[in-house]
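The values are calculated or read from the model by the stated rules, or taken from the named source; none is laboratory data. The shown structure was predicted, so the numbers you read here are calculated from the model rather than taken from an experiment. In this analysis, Cβ positions are derived from the backbone assuming ideal geometry, glycine residues included, and neighbour counts consider all displayed protein chains. Note: areas computed on protein heavy atoms with side chains; ligands, DNA, RNA excluded. Shrake-Rupley method; radii C 1.70, N 1.55, O 1.52, S 1.80 Å.
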Amino acid sequence: MSSLTTDVVVIGAGAAGLFCAAQAGKRGRKVMLLDHAKRIGGKILMSGGGRCNFTNMYAEPGNYLSANPHFCKSALSRYTQWDFISLVSEYGIAYHEKTLGQLFCDNSAKDILNMLLKECDAAGVQLKTSCVISDIQKTTNGFQLQTTLGEIQCESLVVATGGLSMPKLGASPFGYKIAEQFGLKVLPTRAGLVPFTLHEEDKTVLAELSGIALDCVASNEQISFKEALLFTHRGLSGPAVLQISSYWQPGEPVCFNLSPQQDLLETLQQAQQQQADTQLSTVLSRIYPKRFTQTALDYFGLNNKPMKQYQGKQLHDVAAAFEQWSIKPNGTEGYRTAEVTLGGVDTNQLSSKTMMAKEVEGLYFIGEVVDVTGWLGGFNFQWAWSSGWVAGQEV
Ligand code: FDA
């Protein structure tokens, strides 16, 4: 087999790898971008329901989880959401804010993937798909890779292999293995931004609510998210659940306030005074979908009777049931449906300015393989762009 020589090899042609390769190519570096998948960009195309939530106007370090919360600051400030938005605008891609600063393409996620591919093309990046790497060794001035394309020699090696979520789209633990091979610590990984599954006793009842979405505040001891909760036939989902799942540990309860806009006790007390003969379920059905109200009353073990028959304490109990619903999930749906992987390459061993391993000259880690995980809402792609950009200036 032939032996190829290049300046930079980027492993993984996802969001971070494509962006980094284009930046390095623009600097005049000869770049090869390798991916084991036949088709690239699967996650970008699927993201944001096919419209790619490509960044968030309010992205800042506080929107990221990491064992070292300071690590992401440098990259995020050197290549910001506004830089990426300018690039998107240069390409004439139409976009809109959906909610909470989340920017989506008006047309299709394809616009973002095509933009990245054009950037790579213009920068002379050689993209090779279906390329399997079997071995990586350090040489005196770089790295030597054994691949299905033959042997490849490079000065800089960028690992952009992402996390473990969605194995169907090409996810693999390869990046973590490379880190370990070169003596870097990998922090334990787990699925994030992922729906909850439920214990059988909860699931049997709540599955009846499948398809119903409610505004809520989802909280645990660390954090709260005011977003929508979605009941599914498998358990609980929706943005509020995905967000809190990244902060959840097995065995912990999650608390939902299902009346985030109004003081439910006050509403119930008013109804008792003004519509004493009205049933509780009727009062609640003005706030919640009917199908939800009846099932919720049964689930919370609350009697349904005319408002006048409730004593003060009982009204408190009704309000508390809806405003402080505490439930212990059974688990999560795991990597099969998770949007991201928490944990990964320990940031203490990387330079936050360049993403290079402190102890291994020329070896870089970017994107989701690193222990930096964003909230739902465009933050993960912003991390891919920012970390990819800073490494792209150095490799
Ligand atoms: P990414 O996973 O994108 O790319 C890794 C690449 O490495 C893949 O192409 C893979 O094939 C390749 N690879 C893996 N192992 C390899 C090996 N052994 N050899 C060679 N190549 C290998 N985020 C966001 O901000 N907004 C959004 O709207 C969404 N939506 C969304 C929807 C869904 C369904 C998912 C699963 C995820 C999202 N995300 C998201 C998260 C976002 O997609 C994710 O954080 C980034 O794609 C991470 O970019 P990376 O480039 O680091 O990894």
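Other residues within the sphere of radius under 12 Å centred on the Cβ of ARG78, judged by their own Cβ, net out at 0 (K and R +1, D and E -1). A simple rule links phi to the HN-Hα coupling: the Karplus curve 6.51 cos²θ - 1.76 cosθ + 1.60 with θ = phi - 60°, which for the range 81-87 gives 4, 5, 5, 5, 4, 4, 5 Hz, with x for Gly and Pro.
Taking all protein chains in place and a 1.4 Å probe, what share, in percent, of the accessible surface of the range 9-127 do carbon and sulfur account for? Carbon and sulfur together cover 50 percent of it. For the chain, the longest principal axis of the alpha carbon atoms and the long axis of helix 110-122 meet at an angle near 20°. Considering only TRP325, THR278, GLY238, and ranking their Cα positions along the charge dipole of the range 195-332 that arises from unit charges at the beta-carbon of Lys, Arg, Asp and Glu, the one farthest toward the positive end is THR278. Relative to the longest principal axis of the Cα atoms of the chain, the long axis of helix 264-274 lies at roughly 30 degrees. At the residue level, HIS316 shows approximately 100 square angstrom of accessible surface with a 1.4 angstrom probe and all protein chains present.
Using the alpha-carbon centroid of each, what span in Å lies between the range 236-292 and the range 49-77? Value for the Cα centre distance between the two parts: 31 Å.
Which of LYS177, LYS128, LYS308 ends up with the largest GNM mean-square fluctuation for the chain, with Cα atoms connected below 10 Å? Result for the chain, Cα springs under 10 Å: LYS308 fluctuates most. Of LEU284, LEU157, LEU103, the residue with the greatest mean-square motion in the GNM of the chain, using alpha carbon springs below 10 Å, is LEU284.
Using a 1.4 angstrom probe on heavy atoms only, work out the carbon and sulfur share of the accessible area of the range 304-350 in %.
43 percent
Quick one: dipole size for the range 284-335, taken about the Cα centre, charges +1 on Lys/Arg Cβ and -1 on Asp/Glu Cβ, in debye to the nearest 20. Roughly 300 debye for the range 284-335. Each Lys and Arg adds +1 at its Cβ and each Asp and Glu adds -1 at its Cβ; summed about the Cα centre, the chain shows a dipole of about 540 debye.
Measuring between their Cα centroids, the range 146-219 and the range 294-351 lie 24 Å from each other. Rounded to the nearest 20, the Cβ-based charge dipole of the range 195-332 about its Cα centre (Lys and Arg +1, Asp and Glu -1) stands at 300 debye. Can you tell me which lysines have their Cα less than 22 Å from the Cα of LYS308? Leave out same-chain residues fewer than eight positions away. Of all the lysines, those that pass the test against LYS308 - Cα under 22 Å, at least 8 places apart if same chain - are LYS290. Here the range 1-70 is described by how far its Cα atoms reach on the three principal axes: 46, 30, 25 Å, from widest to narrowest. Could you name the aspartates and glutamates in cross-link range of LYS203, using Cα to Cα under 12 Å and dropping any fewer than eight places away on the same chain? Of all the aspartates and glutamates, none pass the test against LYS203 - Cα under 12 Å, at least 8 places apart if same chain.
Mind checking the angle between helix 312-323 and the chain's longest principal axis? C-alpha axes, 0 to 90 degrees, to the nearest 10. For 312-323 against the chain, the angle is about 20 degrees.
Structure note, pairs LYS26/LYS128; LYS177/LYS358; LYS30/LYS138; LYS26/LYS353; LYS168/LYS226: Cα-Cα distances above 24 angstrom occur for LYS168/LYS226. The residues of the range 195-332 expose on average 48 square angstrom of accessible surface per residue, using a 1.4 Å probe on protein heavy atoms.
Counted over all Cα-Cα pairs of the range 150-251, pairs farther apart than 22 Å make up 50 percent. Note on the chain: antiparallel DSSP beta bridges, both residues inside, total approximately 70 percent of the bridges counted. Note that the range 195-332, at 37 °C in a medium of 0.692 mPa s, gets a Stokes-Einstein diffusion coefficient of 214 µm²/s from its Kirkwood radius over C-alpha pairs. Shown in residue order for the range 56-73 are the 3J(HN,Hα) couplings computed by the Karplus curve 6.51 cos²θ - 1.76 cosθ + 1.60 at θ = phi - 60°: 9, 4, 9, 4, 8, x, x, 8, 10, 9, 6, 4, 10, x, 7, 4, 6, 4 Hz (x for Gly and Pro). Applying the Karplus relation 6.51 cos²θ - 1.76 cosθ + 1.60 with θ = phi - 60° to the range 377-383 yields 3J(HN,Hα) values of x, x, 6, 6, 5, 4, 5 Hz, where x marks Gly and Pro.
Thinking of the range 290-389 as a set of Cα atoms, what percent of all their pairs are more than 24 Å apart? Result for the distance tail: 54 percent.
Considering every Cα-Cα pair within the chain, what fraction, in whole percent, is farther apart than 29 Å?
Result for the distance tail: 48 percent.
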